[in-house]
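Trainee: I am attaching a structure below and will ask some questions about it afterwards.
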Amino acid sequence: MSVPPQFTLDSLIDETLWLDEVQSTNSFLVDRTTAGSALALSWNQTAGRGRLGREWVSPSGGSLALSLALWPELVPKPVTPEWLGALSLVTGASLADAIRPHLSEPVRLKWPNDVLIGAKKVAGILGEVSVDGRVVVGVGVNVSLTQDELPTEGATSLTLHGFQPVSQLQRVISAFVGGLRDTLKGLEGGLTREKRAWVAEQCDTVGREVRVEFPGGATRNGTAMSLDDTGRLLVHFDDSNLVEGVDAADVIHLRSAH
Ligand code: BT5
């Protein structure tokens, strides 16, 4: 196997830390006191975390774990759950924008935190707040995993869709980090109409019939209509005549509503 690339993003963030092996790049930055922005990366994350206690699997050498301790001046005080919800969406949209020029297939978002190629997940996002109010956003990207190395049936990797060579990854990551920094300027009050449109137009969930799975185990079917300014998914549920905002939940795509 060729050696995966390492790089620094000195012009964008204060510190870049490549870790040979780490349990979780998110936990590493959440536990570490840093005054400014920091980027922790590893090709060998052994206990990656997803949302709601789930696991993120990063087969060694082929899946990049990346966490960013955000620029303190771009983080609101206090951090609200609504802002964190919007952060997840704009992180996904910034990553999708950075990947798209390198692939011929559509790169889309699945609400609330997945980046898809076709219908398969190539990256997942997890935003967290440390006890002292710093915000860490983590991204797992399947870069060069082969079909046999994919951890789930619903997963894919960049190179399976023609991303070559892997050394171009530095350009993708620096476009992503630079794009995210620009996007966070002006996010204090939530998603502006312009940012909402930018996310919604690349979000595969909007306009679909969906099954919403709530944390307690309940499920409801409906049509995903749009997003609100905190990034909630607005769903017209089949069992009511109301459009309701959904924040913490999982969504299964059923079919296009059109
Ligand atoms: C996520 O959670 O998708 C957020 C993943 C965030 C991972 C990054 S890696 C850097 C940083 N450090 C961490 O410890 N975490 C962050 P969620 O929506 O809950 O999705 C988790 C589900 O995705 C799992 O239950 C699997 O079904 C699936 N999955 C796990 N590993 C995957 C992979 N490598 N590729 C695609 N799907 C995966």
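The values are calculated or read from the model by the stated rules, or taken from the named source; none is laboratory data. Note that this is a predicted model, so its numbers are computed, not measured. A quick note on method: Cβ atoms are made from the backbone with ideal geometry, for glycine too, and the neighbour counts reach across all protein chains shown.
Trainee: From the residues in the range 58-75 that are out of contact with any strand residue (DSSP E or B) (no Cβ under 9 Å at 6 or more places or on another chain) and in a loop (DSSP other than H, G, I, E, B), which one is farthest from the ligand (Cβ to nearest atom)?
Mentor: Here the residue is Trp71.
Trainee: Quick one: Thr156 ticks every box in (1) within 8 Å of the ligand (Cβ to nearest atom); (2) closer than 20 Å to Trp198 by Cα; (3) surrounded by fewer than 23 Cβ atoms within 10 Å (Cβ to Cβ) bar one, so which box is it?
Mentor: Here Thr156 clears every test but (2).
Trainee: Answer with yes or no whether Thr223 is touching a residue at least 60 places away in the same chain (Cβ under 8 Å) and buried (at least 17 other Cβ atoms within 10 Å of the Cβ).
Mentor: In short, no.
Trainee: Also: Is there any pair with a first residue in the range 135-161 that is farther than 30 Å from Pro72 by Cα and a second that is of a type in the set (Asp, Glu) and more than 7 Å from the ligand (Cβ to nearest atom) whose Cβ atoms are under 9 Å apart and which are 6 or more apart or on different chains, and what are they?
Mentor: Ser157/Glu149; His161/Glu105
Results for (1) more than 12 Å from the chain's Cα centre (by Cα); (2) free of Cβ contacts under 8 Å to residues at least 40 places away in the same chain; (3) not in a loop (DSSP other than H, G, I, E, B), shown as yes or no for each residue.
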residue	(1), (2), (3)
Asn26	yes, no, yes
Thr33	yes, no, no
Leu84	no, no, yes
Leu89	no, no, yes
Ala93	no, no, yes
Ile99	yes, no, yes
Arg108	no, no, yes
Val122	no, yes, yes
Ile125	no, yes, yes
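Trainee: Under 9 Å by Cβ, and 6 or more places apart or on different chains, what pairs join a residue from the range 40-62 that is closer than 19 Å to Gln147 by Cα with one that is modelled with pLDDT of 95 or more and aromatic (Phe, Trp, Tyr)?
Mentor: Partner pairs satisfying both residue conditions: Trp43/Trp18; Ser58/Trp43; Ser60/Trp43; Gly61/Trp43; Gly62/Trp43.
Trainee: To continue, here is another question. Could you count how many residues in the range 88-97 are crowded, with 20+ Cβ neighbours inside 10 Å and away from the ligand (no atom under 12 Å from the Cβ)?
Mentor: The qualifying residues number 5.
Trainee: Now a separate question. Out of all the residues in the range 49-57, is one or more surrounded by fewer than 18 Cβ atoms within 10 Å (Cβ to Cβ), of a type in the set (Lys, Arg) and within 12 Å of the ligand (Cβ to nearest atom)?
Mentor: yes
Trainee: Given the criterion in contact with a strand residue (DSSP E or B) (Cβ under 6 Å, 6 or more places away or on another chain), away from the ligand (no atom under 15 Å from the Cβ), at pLDDT 95 or above and of a type outside the set (Ser, Thr, Tyr), identify the matching residue among Arg100, Arg108.
Mentor: Arg100
Trainee: Select from the range 124-146 the residues that are closer than 18 Å to Thr156 by Cα, of a type outside the set (S, T, N, Q) and near the ligand (Cβ under 9 Å from one of its atoms) and list them in ascending order.
Mentor: Gly124, Ile125, Val139, Gly140, Val141, Leu145
Trainee: Give the number of residues within the range 211-241 that are assigned to a strand (DSSP E or B), under 21 Å from Leu52 (Cβ atoms) and among the β-branched types (Val, Ile, Thr).
Mentor: 3
Trainee: Let me ask something additional. Return the residues of the range 150-168 that are assigned to a loop (DSSP other than H, G, I, E, B) and under 22 Å from Phe7 (Cβ atoms); say none if nothing qualifies.
Mentor: Ser157, Leu158, Gly162, Phe163, Gln164, Pro165
Trainee: Any idea which residue in the range 76-87 is farthest from Gln202 (Cα to Cα), counting only those that are surrounded by fewer than 22 Cβ atoms within 10 Å (Cβ to Cβ) and touching a strand residue (DSSP E or B) at 6+ places or on another chain (Cβ under 7 Å)?
Mentor: Selected residue: Val79.
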